[in-house]
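Below you'll find the structure, written out as structure tokens, and then a few comments.
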Amino acid sequence: MIHSTAPDQIVLSARGLRRTYHKDKLAVPVLRGVDLDVETGKVTALVGRSGSGKSTLMHLLATLDRPDQGEIYFQGKRIDNASRSQRDRYRNADVGIIFQFYHLLPELSAIENVIAPAMIGRSMWNYLGQRRQLQQRAEAMLDRVGLLHRAKHRPSEMSGGEMQRVAIARALMTDPKLLLADEPTGNLDTETGVDILKLLSELNADDNLSILMITHDDEIAASADVCLRMQDGLLSGKTVPRRAA
Amino acid sequence: MYRWLLCFRYLRTRYIALASIISVTLGVATLVIVNSVMSGFAAEMHDRLHGLAGDIVIDCHATGGLPDPEGHLAEIKRICGDEIIGSSVSVSVPAMLGIEFRGQQIGRHVNMIGLDPETYNSVSDFGKYLMHPENQQNATFDLRDGGYAPGREELADAGWKHRRHWVHVKRLQDKIRAQEEALKPQAPQSQEAIDAAQGPTFGAALSPSFAAADAPPVIPNPLSNDSTGTLQATLDPMEDQFPGIILGISTCSVRARDADGNVIDHFYAQPGDDVRLMFPSASDNTKVLNKTFTVVDLYESKMSEYDSMFAFVPLKELQDARGMIDPQTGVRSVTTIQLKLAAGANLDAVRDKIRDRFPPELFAYNVQTWRDMQGPLLSAVQLETTILNILLFLIIAVAGFGILATFFMIVVEKTRDIGTLKALGASGRGISSIFVSYGVLLGFVGSGAGLVGGLLFVQNINEIAGVIEVMTGQEVFDPTIYYFDTIPTIVRPLTLVWVTLGAVGIAVLASVLPAMRAARMHPVQALRFE
Ligand SMILES: Nc1ncnc2c1ncn2[C@@H]1O[C@H](COP(=O)(O)OP(=O)(O)OP(=O)(O)O)[C@@H](O)[C@H]1O
Ligand SMILES: [Mg+2]
């Protein structure tokens, strides 16, 4: 699909992404030339049947995996073949990633989990120098997701919805341009899921945060600005009028 | 920063890793203890061994010894210069020691050494090992009134008191015997038969030779008064003494335990007693000489080899007796020259210089440093220490494999977290450093604990030995064997540093492999890991 949008309105784009898994002699082509544009400041939903390759695409976009072919651009800069440390920095600061299973670090408290990306992105001295500001920012992020009162709690002491909120706060810690979310509500009951989605759309509205979100929920997909469908290793999609309903 | 945070958190939440470090702790503690005790023993032995001989010992193998020691010394000083700061000459000769003990003759093979206490003390620790406190300061061959070995009950009477006592008793016995014989002069033979029966093998074996010496004397040197017969006539044992002799303590005593397990020495002879020595003359036509000496002190270096072999007599006395004086010139001979070198002098270099001057092809001299003389013993101890160290480091290496296994398990357990950290932008280096610093910390904790434990053990090793003795009823440290009252220990800081570094190094090495595995993990697979 070809977008008529101006380049500076595209935060992330992919061209001709191919990814084939090989198991013994059997080749499983999952992505067969995916083109994608994520518009700045919009919520983009990615739907498709289970096993269609949504997560695979997400991993490529997050540079957790590398495509066999194709290119990925973040704000016009190619990142899929950037150096290791550049990709590390991209994951650390430019995008925030949320997973279906939260992936919090069990040894750390909620607030420490939120600060973790800031620690990872800084040298020790740098971190110690900015400790107070970072602590305050982490508290602000926790407050944003409504969990400041649980700051000292470990993940094992929290519910799934709370853990996902902490994960969102963590993803927001480094002030990313883009949020990549792989089924953020997939493991939660409908009501909690709605809360999480409400939080995400608030972030989108208030901070103009771009969001790419994988989901199985057609209703969620329908409420997004753009809805893309993954099928047979290719993307097809349509723009939905914003908040049409 | 997250590395240290996570590292500390892992340390706090994963006590199993601490269990794996206990083996490091034990290994380090054992290494510290073994090294301290071994170097304690080695140092003690070094001290003792070095104390017994000068830095350099020149032995002349000729029976007559080397003539003109002053000339030799002057020559040695000329070639070695200022490095020689002390010297002593002595005569050393194999001898048979005869002690009369309760009517029995006890014979011991000894190494008889004629020395001059003053110069001898300047090259080696001779006086230090004597019993009498004053002899320790200023050794003489004169019998002292008493006060030998304060604290040793067995020697409480030693000295003139003992001498007067036994002389008195002997005279009484002689008197009684004389009276008895006067009463029944018809049976003089039977008395001798009884004597022979009382003094069994030893007495029988030795008495003929002693009797020979008692018989009209063979006097090799008219100057010396070594005929006991003539001496006894002029010497009152109540007031006078024969030439003094200092016996190695084990030549005249046996050590045993009484019923309560206390160590007790039984003395055949003690200061105040008279003993006989038989030794070869220096003449080409070697004869056996027989001479009586008065024990004036005992020598206890606690090196059993020395304590059971040495008998020290005045140098002049021995030279006179053996005929080691040139009748024409009056120049005396000695068999041994001992040299003391300035601190820091190169023993081997000096030895080689002297050897060059007196090459073994021309002179029957054996020039040795004290290390050469004790070489086998010292190198045996050294080897033992080395082997023990290798074995104990192997123990720590085994502990290293325990750490390796534990760390691999922790890495597997933390796979998802590793994926998460990578998703958050952590580098492979950063992730591996979590586990390496974890290893470093464990290594320091483990070896630190081992170090402290080991040092505490060393500090209280004798008390611990005592407790073990009480608990097992087995003597851990038997003073009858070792001649040390306490276990000697020396803690060498350098050894501690090496042991700690080695242990930490092994812990780090063991953590590097799992850390590398963690760093190489594919983030997507790590995230999917269940
Ligand atoms: N490591 C792998 N080796 C082989 N095949 C793989 C591997 N990872 C994923 N696949 C295959 O790739 C396909 C796409 O998987 P992916 O996880 O992207 O699907 P998905 O769209 O996210 O599904 P779901 O909605 O259930 O999460 C699946 O058929 C899966 O079996
Ligand atoms: Mg998926």
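Things worth noting here:
- Within segment A:100-120, considering residues that are under 15 Å from the mean Cα position of the chain (by Cα) and under 17 Å from A:Ser156 (Cβ atoms), the one nearest to the other protein chains (Cβ to nearest Cβ): A:His103
- Sub-6 Å Cβ pairs linking a first residue in segment B:348-375 that is modelled with pLDDT under 80 to a second residue that is surrounded by 12 or more Cβ atoms within 10 Å (Cβ to Cβ), at least 6 apart or interchain, are B:Gln374/B:Leu49, ordered by first then second residue.
- Residue within segment A:145-164 that is in contact (Cβ under 8 Å) with a residue 12 or more places away in the chain, within 14 Å of another protein chain (Cβ to nearest Cβ) and closer than 18 Å to A:Ala93 by Cβ present: no
- Segment B:38-92, residues that are farther than 26 Å from B:Asp320 by Cβ and small (Gly, Ala, Ser): B:Ser39, B:Gly40, B:Ala42, B:Ala43, B:Gly51, B:Gly81
- In segment A:64-79, the residues that are surrounded by fewer than 16 Cβ atoms within 10 Å (Cβ to Cβ) and under 26 Å from A:Pro29 (Cα atoms): A:Arg66, A:Asp68, A:Gln69, A:Glu71, A:Arg78
- If the condition is being under 20 Å from B:Arg14 (Cα atoms) and either more than 9 Å from chain A (Cβ to nearest Cβ) or open to solvent by 10 Å² or more (accessible area, probe 1.4 Å) (or both), then segment B:415-438 contributes B:Thr415, B:Arg416, B:Asp417, B:Ile418, B:Ile431, B:Ser432, B:Ser433, B:Ile434, B:Phe435, B:Val436, B:Ser437, B:Tyr438.
- The set of residues in segment A:210-234 being open to solvent by 10 Å² or more (accessible area, probe 1.4 Å) and over 12 Å from A:Pro184 (Cα atoms) consists of A:Asp218, A:Glu219, A:Ala222, A:Ser223, A:Cys227, A:Arg229, A:Gln231, A:Asp232, A:Leu234.
- Test: residue in segment A:36-58 that is within 16 Å of ligand 2 (Cβ to nearest atom) and touching a Cys at 6+ places or on another chain (Cβ under 7 Å): yes
- Scanning segment B:491-527 for residues that are in contact (Cβ under 8 Å) with a residue 24 or more places away in the chain, open to solvent by 70 Å² or more (accessible area, probe 1.4 Å) and part of a helix (DSSP H, G or I) returns B:Leu509, B:Leu513, B:Met516, B:Arg517, B:Arg520, B:Gln525.
- Tally, over segment B:296-319, of residues that are among the charged types (D, E, K, R) and crowded, with 24+ Cβ neighbours inside 10 Å: 1
- Candidates A:Val34, A:Val47, A:Val30, A:Val38 - the one that is within 14 Å of chain B (Cβ to nearest Cβ) and either outside any helix (DSSP H, G or I) or within 9 Å of ligand 1 (Cβ to nearest atom) (or both): A:Val30
- Evaluation of A:Gly16 against (1) in a strand (DSSP E or B); (2) within 16 Å of ligand 1 (Cβ to nearest atom); (3) of a type in the set (Gly, Ala, Ser) (one fails), failing number: (2)
- Residues satisfying the stated conditions in segment A:77-97, i.e. in contact with a helix residue (DSSP H, G or I) (Cβ under 6 Å, 6 or more places away or on another chain) and more than 10 Å from every other protein chain (Cβ to nearest Cβ): A:Ile79
- Residues in segment B:118-144 that are without any contact (Cβ under 8 Å) to a residue 40 or more places away in the chain, of a type outside the set (D, E, K, R) and part of a helix (DSSP H, G or I): B:Thr119, B:Asn121, B:Gly127, B:Pro133, B:Gln136, B:Gln137.
- The condition of being within 16 Å of ligand 2 (Cβ to nearest atom) and in contact with a Lys or Arg (Cβ under 9 Å, 6 or more places away or on another chain) holds for only one of A:Asp94, A:Asp65, A:Asp80, A:Asp88, that being A:Asp65.
- Helices (runs of 4 or more DSSP H) wholly inside segment B:1-113 that include at least 2 residues being within 30 Å of B:Trp498 (Cα to Cα) and within 23 Å of the chain's Cα centre (by Cα): B:15-52
- Inspection of segment B:399-412 finds a residue satisfying the criterion of being surrounded by 13 or more Cβ atoms within 10 Å (Cβ to Cβ) and within 14 Å of chain A (Cβ to nearest Cβ).
- All positions within segment A:186-241 that are in a helix (DSSP H, G or I) and within 16 Å of ligand 1 (Cβ to nearest atom): A:Gly193, A:Asp218, A:Ile220, A:Ala221
- Residue identified as open to solvent by less than 20 Å² (accessible area, probe 1.4 Å), farther than 16 Å from B:His109 by Cα and basic (Lys, Arg) among B:Arg322, B:Arg332: B:Arg322
- The residues of segment B:439-457 that are open to solvent by 30 Å² or more (accessible area, probe 1.4 Å) and either facing chain A (nearest Cβ under 8 Å) or not aliphatic (A, V, I, L, M) (or both), listed by number, are B:Phe444, B:Gly453, B:Phe457.
The values are calculated or read from the model by the stated rules, or taken from the named source; none is laboratory data. Small disclaimer: the values here were computed from a predicted structure and weren't measured. Cβ sites come from the backbone with ideal geometry, for glycine too, and all protein chains shown count toward neighbours. We work out accessible area using only protein heavy atoms, side chains counted, and drop any ligands, DNA or RNA first. Shrake-Rupley method; radii C 1.70, N 1.55, O 1.52, S 1.80 Å.
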